[in-house]
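**Student:** If you scroll down you'll find the structure; I have some questions about it.
The values are calculated or read from the model by the stated rules, or taken from the named source; none is laboratory data. Please read all numbers here as calculations on a predicted model, not as lab measurements. Reconstructed Cβ throughout: ideal geometry from the backbone, glycine too, with neighbour counts over all protein chains shown. With ligands, DNA and RNA removed, areas are computed over all heavy atoms of the protein, side chains included. Shrake-Rupley method; radii C 1.70, N 1.55, O 1.52, S 1.80 Å.
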Amino acid sequence: MDLPRHVAAGWHWFRSLDEPRCWVAPLVGLSEPAFRVLCRNHGATMAHTEMIDAGGYCASESYQRQFGLDSRPEADHPLVVQFGGSNPAKMAEAARMAAPHVDAVEINVGCPQRCAKKGGYGAFLMSNPSLLCEMVRAVRQVLPEHMPVLCKIRVFEDVEATVELAQALQAAGCGCLTVHGRTREQGGGKRTGRCAANWDTIRAIKQAVDIPVVSNGNIQTMRDVQQCREYTKCDAVMSGCGVLADPRLFEGGCHTAADRIQAATEYCCLVRQFPAHPKQVRTHLCDFLDHLVPGVVTLQKLDTEFIQSWDGGEDRVSCAEFVDGPTLRSCIMGYAGHPETLELLIAKLGQLDRLLSLIGLKDMISTRAQDPGPLAAAASELSDTMVDSDL
């Protein structure tokens, strides 16, 4: 059967990228290049930018520079840029401007936040399918023929209504569709774990459309990836919260404390090379390392102290000085708010040396070891046995 041109182009694009099966979701404030490359180094075959405001991208060069699409590293490929908005003309102009620097353009039809409700974009576009399809057509007209328009939607409670929306998007020009199997009301971010994604609806969509379909939701392990593909018959699987906690998810995952320490160390090395915001670094390190010492006060409570202590100037800068500086050390030292916590860390993690050396944490340990005892002994042992590594 002869497929519409944009449907055939969607499949050609998918196959030209070696049929990427493991996708990293667009993550609000956390999809910076260093994290994307980290995930790619461990099995991810497609990544997205965070959602970018289409109107702001059209209007502001400084806003464009925050995302660095025109200077992304070769290692950060293939990349989908995701735009949010409700104005077809601005959406199309943003897509036209970004297209030379990315592999595809996606319209966000999944954000459930209050700002999206106020602006009539994200998941709230699902209640206005005529406007949504108008945006798809507008973007399709400005992109090169080989580059597909992607959409990322949620589901309705009604399976038939969701399938009808997917078919309408395909008819309007969508060449690849990602389906987050939760409703708008079920929320986003880390709250999504409270409600299981509906793979039945995703499977119904895959059966009803001709374009590649990506399943999003319930992906915490590589076994979940395999089960999702088998059940939904989707062409690829996307993970958001899963890769935030475990950036090695797509190659089997972090199974030991040493794995997590190595992932954190690798990330610290990457932020020396690629632009990032210190808050992004802190958040990712929290996600990587918080599981290591259950029950302690987590780094999440250091937000105010962390941001106030950083004297970085620009909103988004290279983290080379930051990684080497005292702020990151104090961030990690959040685990050591109490001596007994630090002792527990030292006792449990015998392979801290590279990370400790990288961020100078062993010096911080030594200065805190004011009194003799197990903490001082452990710090002394670390200082005697570890060698600084200029990664």
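**Student:** Checking the conditions here, which among CYS111, CYS176 is closer than 24 Å to VAL237 by Cα, modelled with pLDDT under 95 and under 20 Å from the mean Cα position of the chain (by Cα)?
**Tutor:** Step by step, each of CYS111, CYS176 is checked, and only CYS111 is closer than 24 Å to VAL237 by Cα, modelled with pLDDT under 95 and under 20 Å from the mean Cα position of the chain (by Cα).
**Student:** Go through (1) open to solvent by 20 Å² or more (accessible area, probe 1.4 Å); (2) of a type outside the set (Lys, Arg); (3) part of a loop (DSSP other than H, G, I, E, B); (4) within 30 Å of CYS111 (Cβ to Cβ) one by one and return the number of the condition HIS255 breaks.
**Tutor:** (4)
**Student:** Filter region 120-169 down to the residues that are crowded, with 24+ Cβ neighbours inside 10 Å and of a type outside the set (A, V, I, L, M, F, W, C), then identify the one that is nearest to ALA25 (Cα to Cα).
**Tutor:** The qualifying residue nearest to ALA25 (Cα to Cα) is LYS152.
**Student:** Give just the number: which of (1) out of contact with any Cys (no Cβ under 7 Å at 6 or more places or on another chain); (2) under 17 Å from ALA236 (Cα atoms); (3) without any contact (Cβ under 8 Å) to a residue 40 or more places away in the chain does ALA47 not satisfy?
**Tutor:** Unmet condition: (1).
**Student:** Given the structure, is LEU17 in contact with a Leu (Cβ under 7 Å, 6 or more places away or on another chain) and among the hydrophobic types (A, V, I, L, M, F, W, C)? Reasoning before the result, please.
**Tutor:** On the way: in contact with a Leu (Cβ under 7 Å, 6 or more places away or on another chain): no; among the hydrophobic types (A, V, I, L, M, F, W, C): yes.
Criteria not met by LEU17.
**Student:** Okay, moving on. Which residues, taken from region 82-101, are assigned to a strand (DSSP E or B) and among the polar types (S, T, N, Q)? Don't jump to the end; show me each part of the working.
**Tutor:** From region 82-101, those assigned to a strand (DSSP E or B) are 82-84; that's our starting set.
Answer for region 82-101, where residues must be assigned to a strand (DSSP E or B) and among the polar types (S, T, N, Q): just GLN82.
**Student:** Just checking, how many residues over region 24-43 are open to solvent by 10 Å² or more (accessible area, probe 1.4 Å) and outside any helix (DSSP H, G or I)?
**Tutor:** Number satisfying all stated conditions: 8.
**Student:** Every residue in region 202-216 that is of a type in the set (D, E, K, R) and either crowded, with 24+ Cβ neighbours inside 10 Å or closer than 16 Å to ALA171 by Cβ (or both), please.
**Tutor:** ASP210
**Student:** Please determine, by comparing only the residues of region 222-238 that are surrounded by fewer than 22 Cβ atoms within 10 Å (Cβ to Cβ) and of a type in the set (S, T, N, Q), which one is farthest from PRO20 (Cα to Cα).
**Tutor:** GLN227
**Student:** Is there a residue in region 102-125 that is outside any helix (DSSP H, G or I), free of Cβ contacts under 8 Å to residues at least 40 places away in the same chain and over 27 Å from CYS22 (Cα atoms)?
**Tutor:** Checking region 102-125: at least one residue is outside any helix (DSSP H, G or I), free of Cβ contacts under 8 Å to residues at least 40 places away in the same chain and over 27 Å from CYS22 (Cα atoms).
**Student:** For ILE219, indicate whether it is open to solvent by less than 70 Å² (accessible area, probe 1.4 Å) and without any contact (Cβ under 8 Å) to a residue 40 or more places away in the chain. Lay out the reasoning, then the answer.
**Tutor:** Numbers: open to solvent by less than 70 Å² (accessible area, probe 1.4 Å): yes; without any contact (Cβ under 8 Å) to a residue 40 or more places away in the chain: yes.
It is true that ILE219 is open to solvent by less than 70 Å² (accessible area, probe 1.4 Å) and without any contact (Cβ under 8 Å) to a residue 40 or more places away in the chain.
**Student:** Tell me which residues, restricted to region 43-93, are of a type in the set (A, V, I, L, M) and over 14 Å from the mean Cα position of the chain (by Cα).
**Tutor:** Those that are of a type in the set (A, V, I, L, M) and over 14 Å from the mean Cα position of the chain (by Cα): ALA54, ALA59, LEU69, ALA75, ALA89, MET91, ALA92.
**Student:** Looking at VAL163, VAL139, can you tell me which residue is over 23 Å from the mean Cα position of the chain (by Cα), closer than 16 Å to ALA99 by Cα and touching a residue at least 40 places away in the same chain (Cβ under 8 Å)?
**Tutor:** The conditions single out VAL139.
**Student:** I'm told ASP2 meets every condition in (1) under 20 Å from the mean Cα position of the chain (by Cα); (2) at pLDDT below 95 except one. Can you identify the failing condition by its number?
**Tutor:** Tallying (1) under 20 Å from the mean Cα position of the chain (by Cα); (2) at pLDDT below 95, ASP2 fails exactly one: (1).
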